[in-house]
């Protein structure tokens, strides 16, 4: 459990570097990330490199005992490179070029930029790959930030056609898979197929889904090229990428196959302001962040990293990019850090060391103000560094619960939501929050992950349901909860011949004959109120819950349960509690603002609410606990930790 910081030596006078490095070490930091936006300083003119300043920065940081995460600077190609290769620019959905002047101004399909990316990566890795201070690498920076995964450039058009030909072999197969006979859209050759944008009305949904798959594969290709070069020239160092929250435009599990560990950039207050919650929820957690949003991403990126993950950027104060940007509640930077460690983080690194007084992010707080004074966040980091010594040896372990998360499900449901507020990511968070309210540890996994050993498996929605997954679910010893729209589409985004839920009918005798999306404010009364989504289900099974008009929407058959509606929090609490108990998993009735997480034999508790919580009200035998951190009374932003017997 180590701490780090993001640092930009090119932003500050060189006479400040040594003092900065010394104070980083004094604060308790071990890691420092550099270089991700420094291409114009590394190579100010084509093929003219200035390594001197970076050499001195690395020597200065290393001399202070800091380990360096070196970055490839490909997220910000310099102006001279754009002028030399204008085809590297991406094109947005309106057909407009994404021009120079901010960052991430490149198209993943540009062959010329791919060559330049490889060239600069090789130059940096050749220079520093075996330097003793370089202990890890980060590829690029925040793939997909500013909606930059999908491009409609001429490069993308040509690459997509090649991708389609490789997938379908002949255009007749493509026409059949996409159903292009509809609206007379049949193609005579792959060369007639364009990216699906700027159409009069909705483009063919199967076409759109394949374009999402293609775009994701382009990110995988780009990242793989960099990791291959780094492994050749800098052996023995971990390679990471810093993914983002609510980033779903490419498959992070696929990209991470070429990484040693995953990391993500955690900004709880910014994400709260941009999130789907009602105004009263945002007001309650204004300075804390939503109790389940950040934790979900911790568990997601632990799964993406196959057990190894970091927080590469942790918010230490107000950010600059949300609609509103409040300051964290006192103690919350410490609480966020401890929750990350509770979920298994190896490193929590803060963004950034010092707030920049210039350019786009000058309103983004750091651990120091622009005049070089420590912020409140820095004091909390120092406290965590002291406390971490008490928890050496607290190892992560496998959870009892697995939640299956699928990026392709998000793409499909974005393409055909059927209801304007049917959002896959929000649905997943609803299921995850119900598990967290019961104090359960959760592993977030892709659908093709091994499932043996889990006692409860939750599938919030999986429209494309492979028969092989049904076989693995049937063979494992877990109880299974499956959410709406699962099995509703084939891999080509068509309705299954057997009707939804498709392959799920092999283990649950039911058919979905009709679906309804319900406008905001409408609630179908019944055993549990149903909003947003309701499926009409034909089956001989007796429903466990139904609407007032008699439509069943919760069914059980053996170890499988199916929810044919957008589940309310009340319904999820009942379903999860009953299923966990039948699976032999202890279930707690936690305070609405309290969240706990086990890391090995150590249990952590965090208070996300505005009032003090007495742990004895919801934690069994709380009076007998021997606390490592905190105590029975947990103040707002408070953290407690104890060892289980």
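Here is how the numbers come out for the structure above:
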read-out: Those strands (runs of 3 or more DSSP E) lying entirely in the stretch 551-645 with at least 2 residues free of Cβ contacts under 8 Å to residues at least 40 places away in the same chain, at positive phi and in contact with a strand residue (DSSP E or B) (Cβ under 8 Å, 6 or more places away or on another chain); value: none
read-out: Number of positions in the stretch 81-126 that are under 17 Å from residue 229 (Cα atoms) and part of a loop (DSSP other than H, G, I, E, B); value: 0
read-out: Any pair with Cβ under 6 angstrom, 6 or more apart, that starts in the stretch 340-361 at a residue that is more than 24 Å from residue 9 (Cβ to Cβ) and ends at one that is assigned to a loop (DSSP other than H, G, I, E, B); value: 341/1; 344/396
read-out: Matching residues in the stretch 26-47 - criterion: being more than 29 Å from residue 122 (Cβ to Cβ) and either surrounded by fewer than 16 Cβ atoms within 10 Å (Cβ to Cβ) or modelled with pLDDT under 95 (or both); value: 26
read-out: Every residue from the stretch 206-246 that is touching a strand residue (DSSP E or B) at 6+ places or on another chain (Cβ under 8 Å) and either under 25 Å from residue 276 (Cβ atoms) or at pLDDT below 95 (or both); value: 242, 243, 244, 245
read-out: Those residues of the stretch 299-310 which are within 17 Å of residue 404 (Cβ to Cβ) and not in a loop (DSSP other than H, G, I, E, B), in sequence order; value: 299, 300, 301, 302, 303, 304
read-out: Residue list for the stretch 507-533, restricted to those being in a strand (DSSP E or B) and closer than 18 Å to residue 481 by Cβ; value: 510, 512, 530, 533
read-out: Boolean, residue 463 is surrounded by fewer than 19 Cβ atoms within 10 Å (Cβ to Cβ), within 21 Å of the chain's Cα centre (by Cα) and not assigned by TED's automatic domain parsing to the domain that holds residue 275; value: no
read-out: Test for residue 269: is it touching a helix residue (DSSP H, G or I) at 6+ places or on another chain (Cβ under 8 Å), at pLDDT 95 or above and either within 30 Å of residue 152 (Cβ to Cβ) or not in a strand (DSSP E or B) (or both); value: no
read-out: Selection from the stretch 460-475 of residues that are outside any helix (DSSP H, G or I) and out of contact with any helix residue (DSSP H, G or I) (no Cβ under 8 Å at 6 or more places or on another chain); value: none
read-out: Test: residue in the stretch 24-43 that is free of Cβ contacts under 8 Å to residues at least 12 places away in the same chain, more than 30 Å from residue 198 (Cβ to Cβ), assigned by TED's automatic domain parsing to the domain that holds residue 10 and out of contact with any strand residue (DSSP E or B) (no Cβ under 8 Å at 6 or more places or on another chain); value: yes
read-out: Qualifying residue in the stretch 265-275 (condition: surrounded by 24 or more Cβ atoms within 10 Å (Cβ to Cβ) and in contact (Cβ under 8 Å) with a residue 60 or more places away in the chain); value: yes
read-out: Residue satisfying condition, being at pLDDT 95 or above, buried (at least 18 other Cβ atoms within 10 Å of the Cβ) and part of a helix (DSSP H, G or I), within set 141, 155; value: 155
read-out: Total residues in the stretch 475-493, condition farther than 20 Å from residue 176 by Cβ and in contact (Cβ under 8 Å) with a residue 40 or more places away in the chain; value: 9
read-out: Flag if residue 289 is on the phi > 0 side of the Ramachandran plot, buried (at least 21 other Cβ atoms within 10 Å of the Cβ) and touching a residue at least 60 places away in the same chain (Cβ under 8 Å); value: yes
read-out: Pair list, Cβ < 6 Å and 6+ apart or interchain, from the stretch 494-509 residues that are on the phi > 0 side of the Ramachandran plot to residues that are part of a loop (DSSP other than H, G, I, E, B); value: 502/465; 502/487; 502/496
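The values are calculated or read from the model by the stated rules, or taken from the named source; none is laboratory data. All of these numbers come straight from a predicted model, not from anything done at the bench. Here Cβ is always computed from backbone atoms with ideal geometry, including for glycine, and neighbour counts include all displayed protein chains.
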